[in-house]
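Following: one structure in structure tokens, then a few remarks.
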Amino acid sequence: MARLIVCLLAFVPALHPIAVEYDLDRPLESPGTWRYHQSSHFYAQHRCGESQLQAIGRRIQRFLEAPERQRAAELGPVLQVRLYASAADYRKNLKFSKYRDGHYNRRLGIIVSYCDVPAHRLAEQMTLYALADKPLRKWQRVFLAEVIPVLAGRNLQSAFDDVGKDKPAALLPVLYSNHWPGRSERATLRLLAIHLADRQLLEPFVERLLEAAAADDTGLELLESLTEGNIAPLAESIAGAAAANGNKTLRKGQTK
């Protein structure tokens, strides 16, 4: 298995939406009612209690000490973290929705969340940060963050579990895109993961996405090589799911 997969499997809880890179943060020395903490593995600007900060520190240290992790290349020798007092504090100050639990800022080299963030949410941001310098499309980053836990033994249904009933977008536009996927695109990626897993191709697909030679591709050539040039069943199953989901919503007064 590819070296980076081994590193990322250290955190196996299911990763959830919504992944984002945010670029409007201030540096960690920005003014405000903040406290500071520095250890050998992370530097934090925070509003946490001591026990909360220790718990965050343990999670970060386990992540950084994963087998064969290339810390300097992936996260830097000392990870920078900003932690708001609570989810409400984080979302109010940054004007995020109630579904947002964290983000990363590659320009400033920081991960931002809140003091009692669930472990898998923090792991998601560190995983996305670790992948940030790799030549991957945004949908590929989200796909990897969702399915890597599946390769560690999680139930496949945990991947993209927020869009199980959503109408998927067409496959090819998703593969060619390079923006953070929306709900319909996430539904397509969910069906892609299921299709590959059913054919025992999910792990090879993930491995080759992480290879430098293939990472800048749309993913289409990779899918064609794994399916021996026959991606039609995949595209047809996604189109069929889109049609089925589109017929589920009837106007008031209509009957089947």
| Rounded to the nearest 10 Å², the accessible area of Thr218 at probe 1.4 Å | 20
| task | Determine one quarter of the surface area of the Cα convex hull of the stretch 173-246, which equals its mean projected area, and express it in nm² to one decimal. | result | 5.0
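Indicate, rounded to the nearest 5 percent, the antiparallel portion of the DSSP beta bridges found entirely in the stretch 34-133. Please list the in-between numbers first.
Details: 7 of 17 bridges.
Bridges in the stretch 34-133 that DSSP calls antiparallel: roughly 40 percent.
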| Can you tell which of Gly102, Leu136, Ala119 lies farthest toward the positive end of the dipole of the stretch 96-146, using +1 and -1 charges on the Cβ of basic and acidic side chains (Lys, Arg; Asp, Glu)? | Leu136
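Give me the dipole magnitude in Debye, nearest 20, for the stretch 135-247 about the Cα centre, with unit charges on the beta carbon: positive for Lys and Arg, negative for Asp and Glu. Intermediate results must be reported in sequence, preceding the final value.
Working: 11 positive and 15 negative charges, 91 e Å.
That gives a dipole near 440 debye.
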| said: Counting heavy atoms of the protein chains only and a 1.4 Å probe, report the per residue accessible area for the stretch 135-247 as a whole number of Å². | reply: 44
| query | Any idea what the dipole of the stretch 34-133 comes to, in debye rounded to 20, about its Cα centre with Lys/Arg Cβ at +1 and Asp/Glu Cβ at -1? | reply | 380
| query | What is the Rg over Rh value, at two decimals, for the stretch 81-224, using alpha-carbon atoms and the Kirkwood definition of Rh? | reply | 0.97
| query | Got a number for carbon plus sulfur as a percent of the stretch 135-247's accessible area, 1.4 Å probe? | reply | 49
| request: Mind checking the full-extension length gain between Thr33 and Ser225? Use 0.36 nm per residue of separation minus the Cα-Cα distance, one decimal, nm. | output: 63.7 nm
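The values are calculated or read from the model by the stated rules, or taken from the named source; none is laboratory data. Please read these numbers as outputs of a predicted model, since none were measured by experiment. Every residue, glycine among them, receives a Cβ derived from its backbone with ideal geometry; neighbour counts consider all protein chains shown. Each accessible area value is taken on the protein alone, full model and side chains, heavy atoms only, with ligands, DNA and RNA left out. Shrake-Rupley method; radii C 1.70, N 1.55, O 1.52, S 1.80 Å.
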